[in-house]
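A.B. asks: First the structure, then my questions, so here it is.
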Amino acid sequence: MLGRFLDIIERAGNKLPDPAILFFLLMIIVWILSAILSPFDFGEIDPRSGETLRIINMLSGDQMASFLANMTNTFITFAPLGVVLLAMLGVGAAEHSGYINAALKYILGFTPKSLLTPMLIMVAIVSHTAADAGYVLVIPLGGVIFYAAGRHPLAGIAAAFAGVSGGFSANFIPSGIDPLLQGFTQSAAQIIQPEMLINPLNNYFFTAISSILIILVGWWITDRIVEPRLSKIEVDGDQEDLPEMERLAKHEIRAFWIATLVMFAGFIALIAWIFPSDSPMRSPDGEITAFDAPIMQSIVPLIFLLFVIPGAIYGFLAGTFKNSKDLIASMSKAMDSMSYYIVMAFFCALFIYAFGRSNIGTLIALKGAGFLQSLALPGALTIVGIILLTAVVNLLVGSASAKWALISPIFVPMLMGVGISPDLTQAAYRVGDSVSNIITPLLPYFPLVVVFCQRYVKNTGIGTLVSMMLPYFFIFLIVWTIFLLLYWFIGIPLGLQASYTFP
């Protein structure tokens, strides 16, 4: 039954236009809707500005002039573009030198095939600490690891995507998203109680324990639902680009360990640089994980160095690189595989600009929050409602902080009025914000995951990826929601200085 449903979703999704054209058509739809809706007053106040929310007519002369004047900047400042291309330069050098292949052989040598899935999801969850690194690093490696182990590579990509994006709010390690959300929560809570302060790690215990839940549930979904269904899909990618698992020669083993030791020496040097409280890699107030800390803003360049240095060392010592031209050629080859993504990123950037500028997504979020508020449901049902509404809004507004900036001034005071703490409200938001990431083509990295899949299955489309990820979405949504309610019922602390009730 489930298999037939997913097959229907896949076929329907793959009949959609090419993703680049789809983003273009969606942009046109946004333009038309903005022109139709712009004359109306919807009676909403924009919490970001405190002014009346208006739909901006994107077809007006001023907006079209601005759209054309800013088109180049909109494209080159599209957040995922630079992240992806810079990271892939380093990954390309490491991959085509043979370093990544050698590392996989060692990993597969001590990791049982049956435990590859939970190991991969755990690594994907921990990658949240490094901002968006998991999208460009862990997800493609998921495919490589599974293929090298004789398993279906798309299952590896799906498991990694589920951990990186579907389990976005689950992490053993605090990250920059914690203080970012806390800032909006605290501002919203101070509407009711001006002196109220909220700890940036007010959800830490919940998100850490949720990591175990996501690993176990994601493991079961991958091995019992997703991979068996994928077994009928033939791997027809370019075989010469896919990893082989022959034994390493002695000179390759030597090259691998020298390159790896150099990489670890670099890690130690970086830690020594960050460790002092006055390190220039810390934020002005001495924090490491703050968004304005240079170390957090340097994650992608560090990923580039993390791969290009050991990749180059391995290549020259193992003989796969004869000269500097071979090193540059490996980076060029990596960029060749990104050409399709660059085209998609162009149209995706233009659509997201138009959608955000028009305020249509903002209007939907505020109307949905107002409707939920008008229902006046009991506390537990309101928490479930917040999770569901956030999951739906997440299909239209991708940024976690942008959504919370919009709806926290409504939800946090509303639930404080019925005795529910801002800490619990934020935890509910984080669940809903995570689970639907993996099924929305509007996620900026969604086209990139399609490209990763096409390396193994050439005709992969949006429908293929959505049908792969739907089991994770539905099961994560149900299980994680129940888990939060049980967590609340038992009374396990949500985080540091956190509570369930207000006051």
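The values are calculated or read from the model by the stated rules, or taken from the named source; none is laboratory data. Please read these numbers as outputs of a predicted model, since none were measured by experiment. Ideal geometry is used to build each Cβ from the backbone, glycine not excepted, and the neighbour counts take in all protein chains shown.
A.B. asks: Of the residues in the range 268-311, how many are β-branched (V, I, T) and in contact (Cβ under 8 Å) with a residue 40 or more places away in the chain?
C.D. replies: 6
A.B. asks: Could you please tell me which pairs satisfy a Cβ distance under 7 Å, a separation of 6+ or placement on different chains, a first residue in the range 211-235 that is under 20 Å from I8 (Cβ atoms) and of a type in the set (G, A, S), and a second residue that is buried (at least 16 other Cβ atoms within 10 Å of the Cβ) and at pLDDT below 95?
C.D. replies: S231/H152
A.B. asks: Now a separate question. Looking at (1) under 13 Å from Y99 (Cβ atoms); (2) modelled with pLDDT of 85 or more, which is the only condition F307 fails?
C.D. replies: The failed condition is (2).
A.B. asks: Looking for something within 21 Å of P174 (Cα to Cα) and touching a residue at least 12 places away in the same chain (Cβ under 8 Å) - is there at least one such residue anywhere in the range 448-465?
C.D. replies: No, the range 448-465 contains no residue that is within 21 Å of P174 (Cα to Cα) and touching a residue at least 12 places away in the same chain (Cβ under 8 Å).
A.B. asks: (1) more than 18 Å from the chain's Cα centre (by Cα); (2) assigned to a helix (DSSP H, G or I): which one isn't true of V392, the others all being true?
C.D. replies: All conditions pass for V392, except number (1).
A.B. asks: Right, something else. Return only the number of the condition from (1) within 20 Å of F42 (Cα to Cα); (2) at pLDDT 80 or above that F371 does not satisfy.
C.D. replies: Going through the list (1) within 20 Å of F42 (Cα to Cα); (2) at pLDDT 80 or above, F371 breaks only (2).
A.B. asks: Would you check if Q186 is touching a residue at least 12 places away in the same chain (Cβ under 8 Å) and part of a helix (DSSP H, G or I)? Explain how you work it out, then say what you get.
C.D. replies: Details: touching a residue at least 12 places away in the same chain (Cβ under 8 Å): yes; part of a helix (DSSP H, G or I): yes.
Considered against the rule, which asks whether it is touching a residue at least 12 places away in the same chain (Cβ under 8 Å) and part of a helix (DSSP H, G or I), Q186 comes out as yes.
A.B. asks: Still on this structure: Give the range 64-95 a look and list any residue that's over 30 Å from I258 (Cα atoms) and surrounded by 17 or more Cβ atoms within 10 Å (Cβ to Cβ), or say none.
C.D. replies: Within the range 64-95, F67, T74, F75, F78, P80, L81 meet the criteria.
A.B. asks: Continuing with this model, one more query. Which of the residues belonging to the range 456-494 are modelled with pLDDT under 90 and more than 22 Å from G218 (Cβ to Cβ)?
C.D. replies: Within the range 456-494, K458, N459, G461 meet the criteria.
A.B. asks: State yes or no: is Y204 among the aromatic types (F, W, Y), surrounded by fewer than 22 Cβ atoms within 10 Å (Cβ to Cβ) and touching a residue at least 12 places away in the same chain (Cβ under 8 Å)?
C.D. replies: yes
A.B. asks: Can you tell me which residue is farthest from T207 (Cα to Cα) among those in the range 413-435 that are touching a Ser or Thr at 6+ places or on another chain (Cβ under 8 Å) and not in a helix (DSSP H, G or I)?
C.D. replies: Result: V418.
A.B. asks: In contact (Cβ under 8 Å) with a residue 24 or more places away in the chain, out of contact with any Cys (no Cβ under 6 Å at 6 or more places or on another chain) and part of a loop (DSSP other than H, G, I, E, B), is that true of F256?
C.D. replies: no
A.B. asks: Across the range 479-496, what is the total count of residues that are crowded, with 19+ Cβ neighbours inside 10 Å and either in contact with a strand residue (DSSP E or B) (Cβ under 7 Å, 6 or more places away or on another chain) or among the aliphatic types (A, V, I, L, M) (or both)?
C.D. replies: Number of matching residues: 2.
A.B. asks: Could you tell me whether any residue of the range 416-426 is farther than 23 Å from V138 by Cα, modelled with pLDDT under 80 and not aliphatic (A, V, I, L, M)?
C.D. replies: yes
A.B. asks: State all residues of the range 343-356 that are aliphatic (A, V, I, L, M) and closer than 13 Å to I21 by Cα; if no residue qualifies, say none.
C.D. replies: V343, M344, A345, A349, L350
A.B. asks: Which ranges mark the helices (runs of 4 or more DSSP H) fully within the range 263-337 that have 1 or more residues being loosely packed, with under 13 Cβ neighbours inside 10 Å and charged (D, E, K, R)?
C.D. replies: It comes to 324-336.
A.B. asks: Of these, Y456, Y445, Y487, Y472, which one is out of contact with any Ser or Thr (no Cβ under 7 Å at 6 or more places or on another chain) and under 21 Å from I420 (Cβ atoms)?
C.D. replies: One residue alone meets the criteria, Y487.
A.B. asks: Tell me which of these Y353 doesn't satisfy, since it passes every other one: (1) touching a residue at least 12 places away in the same chain (Cβ under 8 Å); (2) outside any helix (DSSP H, G or I).
C.D. replies: Among (1) touching a residue at least 12 places away in the same chain (Cβ under 8 Å); (2) outside any helix (DSSP H, G or I), Y353 violates only (2).
A.B. asks: Can I ask one more? How many of the residues making up the range 356-376 are part of a helix (DSSP H, G or I) and free of Cβ contacts under 8 Å to residues at least 60 places away in the same chain?
C.D. replies: Total meeting the criteria: 11.
A.B. asks: Tell me, yes or no, whether the range 165-174 has at least one residue that is crowded, with 24+ Cβ neighbours inside 10 Å, in a helix (DSSP H, G or I) and of a type in the set (A, V, I, L, M, F, W, C).
C.D. replies: no
A.B. asks: Here's a follow-up. Checking the conditions here, which among A93, A87, A124 is touching a Leu at 6+ places or on another chain (Cβ under 7 Å), under 22 Å from V300 (Cα atoms) and at pLDDT 80 or above?
C.D. replies: Of the residues listed, the single one that is touching a Leu at 6+ places or on another chain (Cβ under 7 Å), under 22 Å from V300 (Cα atoms) and at pLDDT 80 or above is A93.
A.B. asks: Does G417 satisfy the criteria of being closer than 27 Å to A365 by Cα, among the small types (G, A, S) and surrounded by fewer than 19 Cβ atoms within 10 Å (Cβ to Cβ)?
C.D. replies: In short, yes.
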